[in-house]
Amino acid sequence: MNHNLLLQFETHFRATPDKTLIDTPEGRRYSYGEVLATSQRLAGVLQSLDVQPGDRVAVQVDKSPEAIMLYLACLQAGAVYLPLNTGYTGAEIEYFLGDAAPQLYVCPTEWEADAKRFYQEGLVVHVESLGTTGDGSLMERAAVAEPMTDIAYLEASDLAAILYTSGTTGRSKGAMLSHANLASNSRALAEAWRFTANDHLLHALPIFHTHGLFVACNIVLTVGASMTFLPKLDVEQLLDLMPRATVLMGVPTFYTRLLQSPRLDRDAVASMRLFVSGSAPLMAETHDQFRERTGHVILERYGMTETNMNTSNPYEGERRPGTVGFPLPGSEVRITDRESGAELPRGETGLVEVRGDNVFQGYWQMPEKTRSEFRDDGFFITGDLGLIDDDGYLHIVGRDKDLVISGGYNVYPKEVEQLIDELPGVSESAVFGVKHPDLGEGVTAVIVARESETAPDEASVQAALSNRLARYKQPKRIFTIEALPRNVMGKVQKNELRNIYADLYAVKEADETAV
Ligand code: MLC
Ligand code: AMP
């Protein structure tokens with residue numbers, strides 16, 4: 001049997017070729033038939049560039065319908081789609097390309113001349129460009145390419161995608177997701193959230209992460225629904241488009257920002273049947289305010305790049321604020337003791353572990369790391385801390401991993417600390433998250449000067465990091481302190497730092513502005 005994920009979408013391409021699959025706020029519209037034809041030509045381009053099944057195709061482009069067609073082309077050709085955040089800077093990109101050794105790197109049109117150096121440096125075999133309006137060298141090639149018509153024959157464990165997630169050791173890890181991982185999870189979600197071909201999704205998330213690419217797009221493609229692609233979150237635009245839509249998926253920042261608009265009321269959401277939140281904790285307060293304003297109870301779910309979606313609050317039944325619901329069909333969740341690894345009874349807090357068809361194949365070229373994050377019985381240790389209550393709802397209560405989630409993007413402090421520590425005059429540093437009204441957590445740093453030297457000031461640290469880290473990873477505020485708080489074991493006490501700076505980003509009552 002061919003396990004290619006594309007087969008899960010294929011019936012809709014054939015059955016409803018005239019139906020709109022993707023449209024854009026400026027009125028561009030792509031039917032299922034058009035998407036199929038273009039993606040088949042793009043698959044033909046991949047073949048002409050000698051992209052073989054299993055080869056990586058690194059795609060670092062701005063959001064566009066054509067980027068989704070390229071994703072579909074990779075599935076068809078059996079290539080491994082490797083999306084990269086456009087915010088990544090030179091050194092970050094070089095690491096990903098060096099690690100994944102892609103056959104092809106696709107970048108925005110305006111980067112193409114510069115990106116040729118990756119080819120010259122031997123990091124990739126081909127460099128092509130893709131713009132947001134159907135432009136770029138890749139589309140020029142597609143216009144004259146011979147379409148690929150067959151679909152690569154694949155095993156369930158063959159890779160569909162590699163998504164890089166930053167690591168606690170500072171080195172990013174490529175999470176390998178198979179065709180069966182993605183296919184099973186989108187089927188489970190479509191069923192759990194009652195998706196049908198009549199749904200229309202408002203899509204304002206980036207498409208280089210699990211949430212915007214797999215959760216959102218794969219569900220739409222699985223049921224033959226349609227979606228509007230917004231380039232990024234723009235609350236007023238979202239509200240303008242809402243009367244045409246039935247579902248919105250967002251990170252918690254989407255909902256806190258929507259609540260700031262006086263236009264958000266019951267009339268504005270009259271056509272909507274579902275609001276989904278995930279990627280970071282949704283505050284119970286946001287949940288309650290949203291229900292009061294709109295009558296809708298946001299459905300919160302829990303997932304990870306490595307595992308796709310694990311749990312969800314119920315579509316029918318109580319959606320409990322502050323919880324992430326129950327395991328999805330095909331997924332198992334257990335809570336274990338951090339020290340002994342033994343499973344804990346309901347109500348007790350421990351490590352969240354998951355197992356199921358949704359769980360990834362391991363980290364690209366990191367077998368040791370992969371082994372250390374799995375139990376012998378196949379459960380994956382998420383690094384999240386949680387408990388299962390008496391009614392079976394999972395609560396995520398914290399993280400065992402040193403991680404900051406800012407506006408739904410993960411920032412691993414180690415990666416930032418390593419760069420700060422290299423700066424002249426810096427002895428050591430600590431990076432941590434502080435409650436932020438818009439982003440959930442704001443990345444914050446403290447530095448300690450070398451003995452009898454002066455530490456660089458905030459602006460110089462920010463300037464030094466600006467070309468080395470994506471913007472969202474850069475600390476919003478940086479302070480110099482005498483010494484890092486440590487426990488008797490010498491471990492830096494980030495909780496203490498979080499407490500000291502707890503009100504740093506609090507909205508000031510007087511002027512209502514956030515830092
Ligand atoms: C943008 N900026 C951020 C940021 N996003 N800074 C910190 N954290 C963020 N998340 C910076 C920009 O670089 C810019 O800096 C300034 O903030 C304003 O940029 P913007 O482009 O106007 O920001 P905006 O569009 O408002 O973006 C905020 C956001 C966006 C929250 C809407 O970040 C977003 O869409 N996040 C979703 C991330 C996501 O999809 N996560 C899912 C991962 S998958 P300057 O200085 O240049 O002005 C996953 C698994 C799962 O976690 O369970 O889903
Ligand atoms: P990522 O590595 O970007 O996929 O981020 C995954 C992490 O996001 C998880 O391990 C959790 O820490 C966090 N996360 C995702 N969804 C939720 C949620 N609903 N509530 C709390 N944390 C979440």
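Of note:
- Backbone geometry of the range 27-37 corresponds, through the Karplus equation with coefficients 6.51, -1.76 and 1.60 at θ = phi - 60°, to 3J(HN,Hα) couplings of x, 6, 9, 10, 7, 4, x, 5, 4, 4, 4 Hz, x marking Gly and Pro.
- Diffusion constant of the range 43-121 at 37 °C, which comes from Stokes-Einstein with the Kirkwood Cα-pair radius and 0.692 mPa s, µm²/s: 257
- Beta bridges from DSSP with both residues in the range 6-154: antiparallel share about 20 percent, rounded to the nearest 5.
- Cα point-scatterer Debye curve for the range 404-500, base-10 log of I(q)/I(0) at q = 0.16, 0.21, 0.23 Å⁻¹: -0.63, -1.07, -1.25
- Among V269, P437, W111 the positive-end extreme of the charge dipole of the chain (Cβ point charges): V269
- Take 120-133, 273-286 and order them by the average number of nearby Cβ atoms within 10 Å per residue, most first; the result is 273-286, 120-133.
- Accessible area per residue, Å², the chain with all protein chains present, probe 1.4 Å: 41
- Sparsely packed loop sites in the range 7-78 (the GluC sites (Glu not before Pro) outside DSSP H, G, I, E and B with at most 14 other Cβ atoms within 10 Å) comprise E26.
- Basic side chains Lys and Arg get +1 at the Cβ, acidic Asp and Glu get -1 at the Cβ, and with that the dipole of the chain about its Cα centre reaches some 460 debye.
- Orientation-averaged projection of the range 6-154 equals 8.8 nm² [convex hull of Cα atoms, one quarter of hull surface area].
- Of the beta bridges in the chain, as assigned by DSSP with both residues counted there, near 60 percent are antiparallel.
- Sparsely packed loop sites in the range 5-46 (the trypsin sites (Lys or Arg not before Pro) outside DSSP H, G, I, E and B with at most 15 other Cβ atoms within 10 Å) comprise K19, R28.
- Between the range 138-157 and the range 255-286, the alpha-carbon centres lie 39 Å apart.
- For L205, the amide hydrogen comes within under 5 Å of no other amide hydrogen, counting only partners 5 or more places away or on other chains and with H modelled in the peptide plane.
- Applying a DSSP loop filter and a limit of 13 other Cβ atoms within 10 Å to the GluC sites (Glu not before Pro) in the range 292-384 leaves E316, E318, E339, E348.
- From helices alone, the chain scores -8000 deg cm²/dmol at 222 nm; the rule is -39500 (n - 2.57) for each run of n ≥ 4 DSSP H residues, then divide by the residue total.
- Straight Cα distances below 18 angstrom link K232 to the aspartates and glutamates D23, E26, D62, E66, D240, D438, with same-chain residues fewer than 8 positions distant left out.
- For the peptides 439-446, 255-262, the ranking by mean Cβ contacts within 10 Å, running from highest to lowest, is 439-446, 255-262.
- Centroid-to-centroid separation of the range 79-106 and the range 349-387 [C-alpha atoms, Å]: 24
- Long pairs among K63/K369; K369/K491; K173/K494; K401/K476, criterion Cα-Cα beyond 27 Å: K63/K369
- Rounded to 5, percent antiparallel among DSSP beta bridges of the range 355-488: 85
- Gap separating the Cα centres of the range 388-413 and the range 184-218, nearest whole Å: 21
- Where N is the number of residues in the chain, Cα Rg divided by 2.2 N^0.38 Å: 0.97
- Proximity of backbone amide H atoms, modeled 1.01 Å from N, is registered between M227 and I22, D23, L201 at under 5 Å, excluding neighbours fewer than 5 places apart on the same chain.
The values are calculated or read from the model by the stated rules, or taken from the named source; none is laboratory data. Quick caveat: nothing in here was measured; it's all calculated off a predicted structure. Backbone-built Cβ (ideal geometry, glycine too); neighbour counts: all protein chains shown. For accessibility, only protein heavy atoms count, side chains too; no ligands or nucleic acids. Shrake-Rupley method; radii C 1.70, N 1.55, O 1.52, S 1.80 Å.
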